[in-house]
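**Q** Here it is, the structure, as structure tokens.
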Amino acid sequence: MSSLLGAFNASASALDAQRTRIEVAVSNIANADSTKGPDGQPYRRRDVVLGAQPQDTFDAALGRADAVGVQVQQIVEDQMPFRRRYEPSHPDADAQGFVALPNVDVPEEMVDMLGAARAYQANITAMGLIKDTISKALELGK
Amino acid sequence: MNTITDGAIIAALGRQMNHAVARETVAASNLANLDTPGYRAREVTFSDTLDQELEQSAPLARTAAGHLGDANVAAAGTTETSGLPTRRDGNNVQLDRELVALSRASSDFSAAQTALAAKFRLVRYAINEGR
């Protein structure tokens, strides 16, 4: 049973991580044309770094099958150069009339978001199956 | 050798349930790490589990120093799944494969649970003198 709850927690951690990926992709798309942020620079594309997170349980200490969750380790800024567009009338244009635009590629963000949404669904399905197993086990006590 | 007793059947069903839970746990972990760079899909080491179960006739069999002496503790370790194509980020988890493994483990658990419940029902029937 403890193992099942561990599996449940692992799936829950994945929901958390995938939701963060969706949030980050959404803010990237929302700011695809933001030429000036709080620091005066155009918005930089953000990316989520995921890492496996083994759970520190009794089962793990015995070397038995145990759940491995996932964790958002950090959110990094993409250091690719900004896009540039010629628009001399823009208030953020430089001396040559070019405006620096965020290094966000909208189609790429959409693809990433779809992947995260599918992974989210898969983990919801997994949680449903684990929940079924737990309630099935509890039926033995009836 | 092994006589078919209620105790033996109940213990065997319990082991099947433990094994199903271990498989379910590993599949859920693989699914959780679907997008973790460098993560390798794992699976329950079936042969070790089988060895352990074959040794059940000899009491208190231990295959590793960390195991408790109880023969009913199913010791299912895990190993990296081999033969899966690795993606560019070093991850080789396949969504459909893990979902199938998860449903299969869940069904196996249900099957064992149903049989165990029937077994318990018979015991209760005997306790109640057939009422």
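**Q** Can you tell me which residue within region B:69-101, out of those that are closer than 17 Å to residue B:11 by Cβ and out of contact with any Gly (no Cβ under 7 Å at 6 or more places or on another chain), is modelled with the lowest pLDDT?
**A** Only one residue tops the list, namely B:71.
**Q** Going through B:66, B:38 one at a time, which residue ends up being in a loop (DSSP other than H, G, I, E, B) and modelled with pLDDT of 70 or more?
**A** B:38
**Q** Scanning region A:73-131 for residues that are among the β-branched types (Val, Ile, Thr) and crowded, with 17+ Cβ neighbours inside 10 Å, which turns out farthest from the other protein chains (Cβ to nearest Cβ)?
**A** A:99
**Q** Continuing with the same structure: All but one of (1) assigned to a strand (DSSP E or B); (2) in contact with a Phe, Trp or Tyr (Cβ under 9 Å, 6 or more places away or on another chain) hold for residue A:76, so report the exception by its number.
**A** Here residue A:76 clears every test but (2).
**Q** When the residues of region B:87-106 are narrowed to those that are touching a residue at least 24 places away in the same chain (Cβ under 8 Å) and in a loop (DSSP other than H, G, I, E, B), which ends up surrounded by the most Cβ atoms within 10 Å (Cβ to Cβ)?
**A** B:93
**Q** Ok, one more. Scan region A:1-43 residue by residue and report those that are within 14 Å of chain B (Cβ to nearest Cβ) and assigned to a loop (DSSP other than H, G, I, E, B).
**A** A:1
**Q** Looking only at region A:75-96, count how many residues are within 34 Å of the chain's Cα centre (by Cα) and of a type in the set (S, T, N, Q).
**A** 1
**Q** Of everything in region A:89-142, what is among the charged types (D, E, K, R) and either without any contact (Cβ under 8 Å) to a residue 60 or more places away in the chain or not in a helix (DSSP H, G or I) (or both)? Give them in sequence order.
**A** A:92, A:94, A:105, A:108, A:118, A:132, A:136, A:139, A:142
The values are calculated or read from the model by the stated rules, or taken from the named source; none is laboratory data. In this text, all values refer to a predicted model and were calculated from it rather than measured experimentally. A quick note on method: Cβ atoms are made from the backbone with ideal geometry, for glycine too, and the neighbour counts reach across all protein chains shown.
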